[in-house]
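Some notes on the structure that comes next.
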Amino acid sequence: MARRLRAVLLIPVLVALVLGGVRVKRSVDTWQDADDAVRVAELIQAANKYASDAINERDLSVIPLLTGDRASDTLVQARQITDADARVFDAAVARMPKTGGLVRRVQLVRAGEAQLAAVRANAFTSRMSGVQTEESYHTVQHPLMEISNELGIGTSNQTSIGRTLYAVSLTQAAESLIRSIGTHLLVEDRDRLAPGELASQLASFRSYAYLEQVGLQEYVGAGTTEDVTRLQQALAAAEERGRQQTAEAAAQAAAAGRTFVTPPGIDEMIAEIGDGKPAAELAARGITPESFFAASTLGFDAYRGIQVNLTDAALASAHDIADDARRDAVTNAALVLASVLVAFLLASWVARTMSTGMRRLSASAIEIAGQRLPALIDQMSRPDSGEVDTRVVPIPIHTTDEIGEVARAFDLVHREAVRLAAEQALLRGNINAIFTNLSHRGQSLIERQLALITSLEDNETDPEQLENLFRLDHLATRVRRNGENLLVLGGERPAQQWDRPLPLVDVVRAACSEVEQYERIRLSGLPEAQIDGRTVPDLVHLLAELLENATVFSSPHSEVRVTAVRLPDGRITVEIHDEGIGLAADDFAVINRKLADPPTVDVDISQHMGLFVVGRLAERHGIRVQLRPSGEKSGTTSLVMLPDTVTRPLPGTLPDSDTLALALLKNVPQPEYAGAMFSPGGQDSGDAFTDYESWQDESTGTRPADEPRAEEPPAGEPPKATGARPRRLSRRAPRSNRRPRTD
C-alpha cells in the first residue's frame, strides 16, 4: 500500500522534475550560448587586432621599402606585432565554437595567411607593383574583418552589432589604403613609375577615399546613437590632436630656424593628392609624406579606437550574460532540486502517514475479522458461555479524513455484526433450550417404555412374540438415541455418567445393541482394553451412529465388520467396514472436514445429523474420526482413533500386540465378551449384552434363572446362536459392587 501511494504521489514529483529539468536545461543552454558568445567575441577581438596590425604593417613598410631599407627597425617591429597577433588569433580559433560560419571564415583567413610571406618578400618590387602590394594585404585583412559579422549576442542591438563593427573595420581599412597609397604617391618618383601605374594608383586612391565615406555611412546606418556619437567624438579628438601636432611641429621648426608650412586638413590633402598634383607642388603647401601619414594616422587610430571599443563592449556584455546565465543555471538547478526534494519528502510523509493509517486500519480489521469477532461469536455460541461482553472497542484511528471515515464505518459494521451475533446466539440458545427440553421430555418417556418392554421380554415365552418385543426394544433404543442427538445439538451432556471403566468389547457391543440391524455386525480382533467411564456413553453413541450408517447404506445381505488394533503409543484404532455403494472423493473430503471441525447448527444439520453428532462427540474427548474408501471391495471404512487418555489395558493383562492376542485366542477358550461374533442368521452369542442391572454379585457366581446359558463352542469357533439377542446397555450408572460377568 505504501509503495502504491508513493507511486501515485511520485507522479506530480516526476512532472515537476521534468518541467524543472526543462527550465534548467534552458538555463544551461543559455549559459552555453553565452559562453560560446564570449569565445566568439574573443575571436573577433583577436581578429580585428590582427587585421589592424596587418594593414598597419603595410602602411609602415611603404617608406622603408620604397627607400630600400628592408632592415628598418620600424618594418621589423611592425611585422613582429603582426606575427604576435597571428598567434593570439590561433589560440582564439582553438577555443572558438565549431560552427559552420566560423569554420568557413577561418578557412578564408588561413588562405590569406598562406600568401603573407610572399607578399612581404615581393612588396614594392618589380615582381609586385605598388597597387598590388598595397591591395595584397587585403587577402589577410578582409577575411579577418568579415568575422565581425558573426558577433550577434551580448548587446541590445543584436542584429546590428556585427554590421556596425564590420562598417568601422571597412572604414579603417579604406583609411589605411588611403594612407598607404597617398604616402606612396608622395614618396615615389613619378618619373620612375611604369606607364599607367600612376593613373592606377590615383584611381585606387580616389576609390578608397570614396569607400571610406561609404563605410562611414554604413556605420551610421547600422550603429546606435551612442555609436554615432562615439565616432564623432573620436574624429573630433583626432582633429584636435592634429592641430596640436601641427602647432608642435611649427614650434620645433621655428626653434630650428627652419621654415614651416602649415599643412591643410586631411580631407583637403586627400583631395589635392587625388588630383594628381606633383609632389613638389604638394610639398610647397605643406603636404609631405610625414604630414600626410601623421594626419591619416589620426583617423586610422580613431577608427581603430571605435573598433576596440565595440569589441570590448561586446566581450564585456557577453561575459555579463554568461555570468548571469551561469548564475541562473546554478540557481534554477538548486531551486529545482530543492523543490523536488521537498516535494518528494512531503509526498513520502503523506504516503507514510496514509500507509500508517491504512496499515493500522488493515491490521485492526484483520484482527477483528480473524480473531476478536470469531472468538466473540464462538464464545456466544457455547451453551455455557454465560454473560458475554459485547462492547466494541473502536479502531484507534481518530483522523477526519477518508481513512478515519472508513474506520468509523468499520466500527459500525463491527457493532452490527456483534449485535447480529448476539441475536443469533440468543436464538441458538433458545433453540438449544427447546432441543434440551424436548430431549428430556422424550427421554423420560423412552426410559419408561424401555423398562416396560424389558419387563414384557422377561415374562414372555413365545419365541415369535419375544422376537417382536426385541424389535420394539431396538426401535425404542433408536428413538432414545435420537433424543440424545437433540441433547448433543443443544450442547448438553448426558445427565448420568458411568463411574468406572468399561471393557472396549462391551462398549462396542453396547453400540451394536442400539442398531436395528445388529445381526449383520461381526466383531473380530478387539484388543483387551478398558474405556474411561466418563467417555463410555459418548463413545457408545458415536459408534452407534457410525454402525447405523454402515448398516443402512450397505446391502441387507452383507456384513459390517468391526475390528480394532492397539498402536505402540497406546492409542486404539477402531475400524468399521461396510460393503455399501461408497462415496465420491469430494464427498469424503467434505464429510471428513465436517467431522474434524463440526459446523454451527443450521438447516443442513437435519440432513446430516449423524455426522454432526459424531463430530461433536469426538471433539469432546479428543477422538479422531475419518471416513475412507474401503481397500478391499466397494464400500466405506470408518476409522475411530481413541487417544491414550480414554483407553487403558485391562487389569492383569500384558501390553501384547494384537497379532499375539489373536493367536492366543485361537488356542484357548475365549471369554464371551472378547471373541463373540454375530452370525448372519440374526442370532447372537448369548448374554454378552445383558443389562448391567441384571448381573449378579461376582462373589456368588450365579446368573439369573430365566437367562439362557450359551454352550461353549470348540476352540477357534464362534459361539453358537441361542435364540437370544443383544441387550441394551442401561444408561443408569451401575452399583459399585456390580460389573459384567467374566465366566
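Side notes on the structure shown:
- Taken together, the residues in region 107-130 that are touching a Lys or Arg at 6+ places or on another chain (Cβ under 9 Å) and either of a type in the set (Asp, Glu) or under 17 Å from ASN56 (Cβ atoms) (or both) amount to 3.
- Exclusive hit being surrounded by fewer than 22 Cβ atoms within 10 Å (Cβ to Cβ) and at pLDDT below 90, set LEU108, LEU75: LEU75
- If you filter region 516-538 down to residues that are of a type in the set (Asp, Glu) and touching a Ser or Thr at 6+ places or on another chain (Cβ under 8 Å), you find that the one that is farthest from GLU559 (Cα to Cα) is ASP532.
- GLY286 vs. criteria in contact (Cβ under 8 Å) with a residue 40 or more places away in the chain, out of contact with any strand residue (DSSP E or B) (no Cβ under 6 Å at 6 or more places or on another chain), on the phi > 0 side of the Ramachandran plot and part of a loop (DSSP other than H, G, I, E, B): no
- Exactly one residue among VAL406, VAL392, VAL342 is farther than 30 Å from GLY223 by Cα and either touching a His at 6+ places or on another chain (Cβ under 6 Å) or among the polar types (S, T, N, Q) (or both), and that residue is VAL392.
- Within region 252-292, the set of residues being more than 20 Å from SER176 (Cα to Cα) and of a type in the set (D, E, K, R) comprises ARG258, LYS277, GLU281, ARG285.
- Taking each residue of region 1-30 that is among the hydroxyl-bearing types (Ser, Thr, Tyr) and looking for partners that are surrounded by fewer than 17 Cβ atoms within 10 Å (Cβ to Cβ) and modelled with pLDDT of 80 or more with beta-carbon atoms closer than 9 Å, six or more apart or interchain, yields SER27/VAL330; SER27/THR331; THR30/ASP324.
- Among the residues making up region 537-564, a single one is assigned to a strand (DSSP E or B) and under 22 Å from ARG620 (Cα atoms): ALA564.
- Some residue of region 506-520 being outside the structural domain of SER555 (by TED's automatic domain parsing) and at pLDDT 80 or above: no
- Residue in region 43-55 that is within 22 Å of GLY182 (Cβ to Cβ), of a type outside the set (Gly, Ala, Ser) and surrounded by 14 or more Cβ atoms within 10 Å (Cβ to Cβ) present: yes
- Pick from region 205-248, criterion hydroxyl-bearing (Ser, Thr, Tyr) and either closer than 30 Å to THR259 by Cβ or out of contact with any helix residue (DSSP H, G or I) (no Cβ under 6 Å at 6 or more places or on another chain) (or both), ranking: surrounded by the fewest Cβ atoms within 10 Å (Cβ to Cβ): THR225
- Yes/no for ARG258 being outside any helix (DSSP H, G or I) and either assigned by TED's automatic domain parsing to the domain that holds LEU185 or at pLDDT 85 or above (or both): yes
- Residue selection: VAL131 fails the criterion of being surrounded by 22 or more Cβ atoms within 10 Å (Cβ to Cβ) and either modelled with pLDDT of 85 or more or of a type outside the set (D, E, K, R) (or both).
- Scope region 96-105; condition surrounded by 13 or more Cβ atoms within 10 Å (Cβ to Cβ) and either charged (D, E, K, R) or not assigned by TED's automatic domain parsing to the domain that holds PRO143 (or both); matching residues: ARG105
- Pairs meeting the criteria (first residue in region 152-175 and surrounded by fewer than 24 Cβ atoms within 10 Å (Cβ to Cβ), second residue at pLDDT 85 or above and of a type in the set (Phe, Trp, Tyr), beta carbons under 8 Å, at least 6 apart or on different chains) are ALA174/TYR208.
- If you go through region 190-231 and pick out every residue that is over 30 Å from THR67 (Cβ atoms) and either assigned to a helix (DSSP H, G or I) or outside the structural domain of GLY305 (by TED's automatic domain parsing) (or both), you end up with 17.
- Evaluation of ARG70 against (1) under 23 Å from GLU135 (Cβ atoms); (2) assigned to a helix (DSSP H, G or I) (one fails), failing number: (2)
- Flag if VAL601 is in the same structural domain as VAL508 (by TED's automatic domain parsing), at pLDDT 90 or above and in contact with a helix residue (DSSP H, G or I) (Cβ under 7 Å, 6 or more places away or on another chain): no
The values are calculated or read from the model by the stated rules, or taken from the named source; none is laboratory data. Predicted model only: the values in this text are computed from it and were never measured. In this analysis, Cβ positions are derived from the backbone assuming ideal geometry, glycine residues included, and neighbour counts consider all displayed protein chains.
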